[in-house]
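The structure under discussion appears below in the form of structure tokens.
The values are calculated or read from the model by the stated rules, or taken from the named source; none is laboratory data. Please read all numbers here as calculations on a predicted model, not as lab measurements. Positions of Cβ are generated from backbone atoms using ideal geometry, with glycine treated the same way; all protein chains shown enter the neighbour counts.
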Amino acid sequence: MATKARGARPTRTEDQLGPKSANYHTHALTRGLVLLDLLASVPPPLTLTGMHEHTGLPKSTLVRLLAALTEMRFVVRVDERPAYRLGHKVMALADAYVSSLDLSAAAGTYLDTLSRETQQTSNLGLLDGTEVVHVCVRTPDRPLRFETSPGARDSAHCTGLGKMLLAGVDPAELSAHLPPEPYAARTDRTITTLDEMSKEIRRTARRGHGIDDNEGSTGLKCVAVPVTVGGQMLAALSVSGPAGEFGREKQKDYLERLHETAEALAADYDVVAVLRRMYESLGESPTRRA
């Protein structure tokens, strides 16, 4: 989902301010919601004159709407110009909204399609310290497949998801997301030093996708792409399966489908709301780049 721009908005059209056929109360409610949306979309505080310029509504109408919203504590008046910002009651609504969402349900449909089309396991992951947390997983209907489950964790240094997520970390903080050297070598292809990992992360950032080529487990390959919203990498999305099924053309097809799915996830308001909450809950980890 693309986040709302923090800047000026064009004047609302009559349709956005409420249908002409609506009765007075419905029209007033619609206009009140438009004001809340406006206040959420521009840098606070916003003056009465600014609201008039954005919406085209008469100032007398705005004063009545703001009085009701202020009384209900959805809006707070901050000075005598007068100027306003959102109130704490909006946060209660936002918290209730996010709490009602199920990431498996919100993102699962996209991962189901990805897994069915690629016939590989699809996985959505977030970075937590030196590990990747698998937050949504879907597997193909076939006996030979990569198995993991939501909530499972894996090392970031030897996974496609991990490398992609590490590419979003401030380079100065990269070592804080990696174990002490030498890193555990799961196979003879696992990268085990900070110097080599730094080079690999730079390659990952340049090409725009992460690769685990028999590094976490022999015979297993994974490719991953970022899920980016407003320039911020919130998560990474991957497909994993038997290494023999990741030839050049197949991998190119997987990446195309991964990017399409990542864009769809980033455009879904529900998915992004949950991912943001999860991302922020892991904010005690070292700095991550936008």
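Filtering region 218-264 to residues that are among the β-branched types (Val, Ile, Thr) and more than 21 Å from the chain's Cα centre (by Cα) leaves only Thr218. Of the residues making up region 123-143, those that are in contact with a strand residue (DSSP E or B) (Cβ under 6 Å, 6 or more places away or on another chain) and either closer than 14 Å to Asp212 by Cα or surrounded by fewer than 16 Cβ atoms within 10 Å (Cβ to Cβ) (or both) number 2.
Among the residues of this structure, Lys221 does not count as one that is touching a Ser or Thr at 6+ places or on another chain (Cβ under 9 Å), in a helix (DSSP H, G or I) and assigned by TED's automatic domain parsing to the domain that holds Asp128.
Residue-by-condition table, conditions (1) touching a helix residue (DSSP H, G or I) at 6+ places or on another chain (Cβ under 9 Å); (2) of a type in the set (Gly, Ala, Ser); (3) closer than 27 Å to Tyr183 by Cα:
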{"residue": "Arg206", "(1), (2), (3)": "no, no, yes"}
{"residue": "Lys221", "(1), (2), (3)": "yes, no, yes"}
{"residue": "Pro226", "(1), (2), (3)": "yes, no, yes"}
{"residue": "Phe246", "(1), (2), (3)": "yes, no, yes"}
{"residue": "His259", "(1), (2), (3)": "no, no, no"}
{"residue": "Ala267", "(1), (2), (3)": "no, yes, no"}
{"residue": "Asp270", "(1), (2), (3)": "yes, no, no"}
{"residue": "Ala273", "(1), (2), (3)": "yes, yes, no"}
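Among the residues of region 154-183 satisfying the criterion of being under 27 Å from Gln251 (Cα atoms) and of a type in the set (Gly, Ala, Ser), which is nearest to the chain's Cα centre (by Cα)? If we take residues in region 154-183 being under 27 Å from Gln251 (Cα atoms) and of a type in the set (Gly, Ala, Ser), then Gly168 is nearest to the chain's Cα centre (by Cα). If you go through region 238-263 and pick out every residue that is outside any helix (DSSP H, G or I) and among the aliphatic types (A, V, I, L, M), you end up with 1.
Would it be correct to say that Lys221 is surrounded by fewer than 18 Cβ atoms within 10 Å (Cβ to Cβ), out of contact with any Leu (no Cβ under 6 Å at 6 or more places or on another chain) and at pLDDT 95 or above?
Details: surrounded by fewer than 18 Cβ atoms within 10 Å (Cβ to Cβ): no; out of contact with any Leu (no Cβ under 6 Å at 6 or more places or on another chain): yes; at pLDDT 95 or above: yes.
No: the conditions fail for Lys221.
I'm trying to understand the selection: among the residues of region 1-50, which are in a loop (DSSP other than H, G, I, E, B), within 21 Å of Gly87 (Cβ to Cβ) and modelled with pLDDT of 50 or more? Selection gives Ala40, Ser41, Val42, Pro43, Pro44, Pro45.
Under the condition of being part of a helix (DSSP H, G or I) and surrounded by fewer than 15 Cβ atoms within 10 Å (Cβ to Cβ), which residue from region 264-283 is modelled with the highest pLDDT?
Here is the first cut: in region 264-283, the ones part of a helix (DSSP H, G or I) are 264-266, 269-281.
Okay, now just the ones that are also surrounded by fewer than 15 Cβ atoms within 10 Å (Cβ to Cβ), so 269, 280-281.
Working: Tyr269: 93, Glu280: 83, Ser281: 77.
Checked region 264-283; the qualifying residue modelled with the highest pLDDT is Tyr269.
Here region 51-80 is the region considered, the condition is being assigned to a helix (DSSP H, G or I) and within 31 Å of the chain's Cα centre (by Cα), and the residue that is nearest to Thr26 (Cα to Cα) is Leu69.
Suppose we filter Ala156, Ala235, Ala152, Ala167 for residues that are without any contact (Cβ under 8 Å) to a residue 24 or more places away in the chain, within 21 Å of Met278 (Cβ to Cβ) and either β-branched (Val, Ile, Thr) or touching a strand residue (DSSP E or B) at 6+ places or on another chain (Cβ under 8 Å) (or both); which single one remains?
On the way: Ala156 fails: without any contact (Cβ under 8 Å) to a residue 24 or more places away in the chain; Ala235 fails: without any contact (Cβ under 8 Å) to a residue 24 or more places away in the chain; Ala167 fails: without any contact (Cβ under 8 Å) to a residue 24 or more places away in the chain.
Matching residue, one of Ala156, Ala235, Ala152, Ala167: Ala152.
Restricting attention to region 137-149, the residues that are of a type outside the set (S, T, N, Q), without any contact (Cβ under 8 Å) to a residue 60 or more places away in the chain and out of contact with any helix residue (DSSP H, G or I) (no Cβ under 6 Å at 6 or more places or on another chain) add up to 5.
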